[in-house]
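These notes concern the structure reproduced below.
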Amino acid sequence: MYSEYFTDVCREILQRKVRAFSCPVLIVHSDRNRVTWVNSTYLVPEIRKQEINLEMTLYPGYGHGFVWGRQGITTEIFEKMVDDVNRFC
């Protein structure tokens, strides 16, 4: 899926951008969006290859974008996300 769009040029761009990271990376994501698949297939392996400190937090069952009050994001889930980000920082 989508691999025909990930050309050598795209790979070079991704590698250049990841090499520019100068701090640890936190990825907070759901399991119900294509972005998750793309990140897992291309971005995350490149970050790991560059040995950049990476932490991933999964919130299963939600869509893309964690907007309080939308897509089932409750106060409790929102507060957990804020706590996870604060802990990482």
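The values are calculated or read from the model by the stated rules, or taken from the named source; none is laboratory data. Predicted model only: the values in this text are computed from it and were never measured. So basically every Cβ, Gly included, is an ideal-geometry build from the backbone, and we count neighbours across all protein chains shown.
State yes or no: is GLY65 part of a loop (DSSP other than H, G, I, E, B), within 18 Å of the chain's Cα centre (by Cα) and loosely packed, with under 14 Cβ neighbours inside 10 Å? Here the answer is yes, as GLY65 does meet what is asked.
Cβ separations smaller than 8 Å between residues 6+ apart or across chains give no pair from region 38-66 residues that are without any contact (Cβ under 8 Å) to a residue 12 or more places away in the chain and farther than 22 Å from LYS80 by Cα to residues that are among the β-branched types (Val, Ile, Thr) and part of a loop (DSSP other than H, G, I, E, B). Between GLU51, GLU46, GLU55, the distinction of being outside any helix (DSSP H, G or I), within 13 Å of the chain's Cα centre (by Cα), of a type in the set (Asp, Glu) and modelled with pLDDT of 90 or more belongs to GLU55 only. Whether a residue is of a type outside the set (D, E, K, R) and at pLDDT 90 or above was assessed, and PRO24 passes this test. Scan region 28-43 and tell me whether some residue there is in a loop (DSSP other than H, G, I, E, B) and either modelled with pLDDT of 95 or more or in contact with a strand residue (DSSP E or B) (Cβ under 7 Å, 6 or more places away or on another chain) (or both). Yes, region 28-43 contains a residue that is in a loop (DSSP other than H, G, I, E, B) and either modelled with pLDDT of 95 or more or in contact with a strand residue (DSSP E or B) (Cβ under 7 Å, 6 or more places away or on another chain) (or both). One residue is enough: does region 7-17 have a residue meeting the conditions among the aliphatic types (A, V, I, L, M), in contact with an Asp or Glu (Cβ under 7 Å, 6 or more places away or on another chain) and not in a strand (DSSP E or B)? Scanning region 7-17, I find at least one residue that is among the aliphatic types (A, V, I, L, M), in contact with an Asp or Glu (Cβ under 7 Å, 6 or more places away or on another chain) and not in a strand (DSSP E or B), so the answer is yes.
Could you check, for region 5-16, whether at least one of its residues is touching a residue at least 24 places away in the same chain (Cβ under 8 Å) and either within 15 Å of the chain's Cα centre (by Cα) or within 25 Å of VAL82 (Cβ to Cβ) (or both)? Checking region 5-16: at least one residue is touching a residue at least 24 places away in the same chain (Cβ under 8 Å) and either within 15 Å of the chain's Cα centre (by Cα) or within 25 Å of VAL82 (Cβ to Cβ) (or both).
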